[in-house]
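First the structure, in the form of structure tokens, and then the observations on it.
The values are calculated or read from the model by the stated rules, or taken from the named source; none is laboratory data. This is a predicted model, so every value here is computed, not measured. Counting neighbours? That spans all protein chains shown, and the Cβs are built from the backbone with ideal geometry, glycine included.
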Amino acid sequence: MTTNGEEPQIENLKLADPEEDVVNPWSVSSSSQEGVDYDKLIKRFGSSKLDQELIERWEKVTGKPAHHLLRRGMFFSHRDVHTILTNFEQGKSFYLYTGRGPSSESMHVGHLIPFIFTKWIQDIFNVPLVIQLTDDEKFLWKDLTVEEATRLAHQNAKDIIAIGFDVEKTFIFSDYTYMGQCPEFYRNISRIQKCVTFNQVKGIFGFGDSDVIGKIAFPAIQAAPSFSTSFPLIFGAAKVPCLIPCAIDQDPYFRMTRDVAPRLGFPKPALLHSTFIPALQGANTKMSASDNNTAIFLTDTPKQIKTKVNKYAFSGGQASVEEHRKLGGDCKVDVSYQYLRYFL
């Protein structure tokens, strides 16, 4: 285990021990009703806590009040955000990168959190944004055809566009489409792939002998947008720093990316990590697009949302009315209250 802020070397990156919370790009679960222990996760991942001092510095640099997702701790961890702010104070710009793995017809409200926050950052800093739709990833991991994965990417792009990003400064792309349009994107993917061994990628992502080779090669595809030369029509050959707002389960990709970046002559991408919106059934797992009853989708009607909350939402109430009046509710585990903290 690493201490706060000490980033592990690539050869030391690994999945969680069995007794720890499970947090990786494909699975999130906790044995606690209160959900993932994010303080422990910071230590395990070697990131830095997003503390009040950094929030105040953010407000000073931007001249704007902090977003409620910052103030309330929904974005709780970071890597090198101080560097991004220092560069901005010196007149050096940066760009934003985030993404979505399209596995459902519609995104759910949990997927919105990084996008809502990213839009706020784009608005206050007036910077470019690239959004990757990993249709290739979902083809490799899910029971989908290439055509279906591509179609879902188009469907999810509609949800993302509706958030209201600056159309003049935002580039949304799917891997299947962009790979054939931009040779430099693929060149950067190849450069990253040459820096990471099979043994290292097994340790980071838990791949086994029965996993298809596409999975083993994919992490470099998610890493490549961290390097600005992957977008020559936007940045030319300039090596512009990158800031990535994302859920903490995506961090393994970018710990790998940060390890190889200096070897390839690129700045390390900075990151802002968000917590997970709990599933309706409780905070011991996150919302999942694969299970309709755990999530509230953007296409759900008000009636459907009300039914889901009333039927499935885990309550922080006590076992009886008498106990509830005496002890009160437990807001730490009450799902409806947690949703209000994110969106109200």
**Asked** Out of all the residues in the stretch 281-310, which are more than 20 Å from the chain's Cα centre (by Cα) and either aliphatic (A, V, I, L, M) or in a loop (DSSP other than H, G, I, E, B) (or both)?
**Response** Q281, T299, D300, T301, I305, V309
**Asked** Just one of A279, A261 is touching a Lys or Arg at 6+ places or on another chain (Cβ under 7 Å) and within 30 Å of S93 (Cβ to Cβ); which is it?
**Response** A261
**Message:** Within the stretch 35-130, considering only helices (runs of 4 or more DSSP H) that don't extend past its boundaries, which have at least 1 residues that are under 29 Å from T294 (Cα atoms) and β-branched (V, I, T)?
**Reply:** 38-45, 109-125
**Request:** Test V212 against the stated conditions and say whether it is in the same structural domain as A149 (by TED's automatic domain parsing) and in contact with a Phe, Trp or Tyr (Cβ under 6 Å, 6 or more places away or on another chain).
**Result:** no
**Request:** Would you mind finding the one in F297, F276 that is buried (at least 19 other Cβ atoms within 10 Å of the Cβ), touching a residue at least 60 places away in the same chain (Cβ under 8 Å), farther than 30 Å from K49 by Cα and aromatic (F, W, Y)?
**Result:** F297
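So that you can scan it fast, the table gives a plain yes or no per residue for (1) without any contact (Cβ under 8 Å) to a residue 12 or more places away in the chain; (2) assigned to a helix (DSSP H, G or I):
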{"residue": "Q132", "(1), (2)": "no, no"}
{"residue": "V167", "(1), (2)": "yes, no"}
{"residue": "D211", "(1), (2)": "yes, no"}
{"residue": "I221", "(1), (2)": "no, yes"}
{"residue": "P225", "(1), (2)": "no, yes"}
**Residue in the stretch 332-344 that is surrounded by the fewest Cβ atoms within 10 Å (Cβ to Cβ), counting only those that are of a type outside the set (D, E, K, R) and outside any loop (DSSP other than H, G, I, E, B)** = L340
**Complete:** Within the stretch 142-163, the count of residues that are within 18 Å of the chain's Cα centre (by Cα) and surrounded by fewer than 19 Cβ atoms within 10 Å (Cβ to Cβ) comes to 3
**Message:** I'm checking my understanding of the structure. Among residues of the stretch 307-331 that are touching a helix residue (DSSP H, G or I) at 6+ places or on another chain (Cβ under 8 Å) and surrounded by fewer than 16 Cβ atoms within 10 Å (Cβ to Cβ), which one is farthest from M74 (Cα to Cα)?
**Reply:** Q318
**Prompt:** So which residues in the stretch 223-238 are over 15 Å from T170 (Cα atoms), of a type outside the set (S, T, N, Q) and surrounded by 14 or more Cβ atoms within 10 Å (Cβ to Cβ), if there are any at all?
**Reply:** A223, A224, F227
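Look at L140 and say whether it is over 27 Å from S48 (Cα atoms), assigned to a helix (DSSP H, G or I) and either assigned by TED's automatic domain parsing to the domain that holds F231 or modelled with pLDDT of 95 or more (or both). Outline the logic, then answer.
Details: over 27 Å from S48 (Cα atoms): yes; assigned to a helix (DSSP H, G or I): yes; either assigned by TED's automatic domain parsing to the domain that holds F231 or modelled with pLDDT of 95 or more (or both): yes.
Taking the combined requirement at face value, the residue satisfies it.
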**Test result for Q304, in contact with a helix residue (DSSP H, G or I) (Cβ under 7 Å, 6 or more places away or on another chain) and surrounded by fewer than 19 Cβ atoms within 10 Å (Cβ to Cβ)** = no
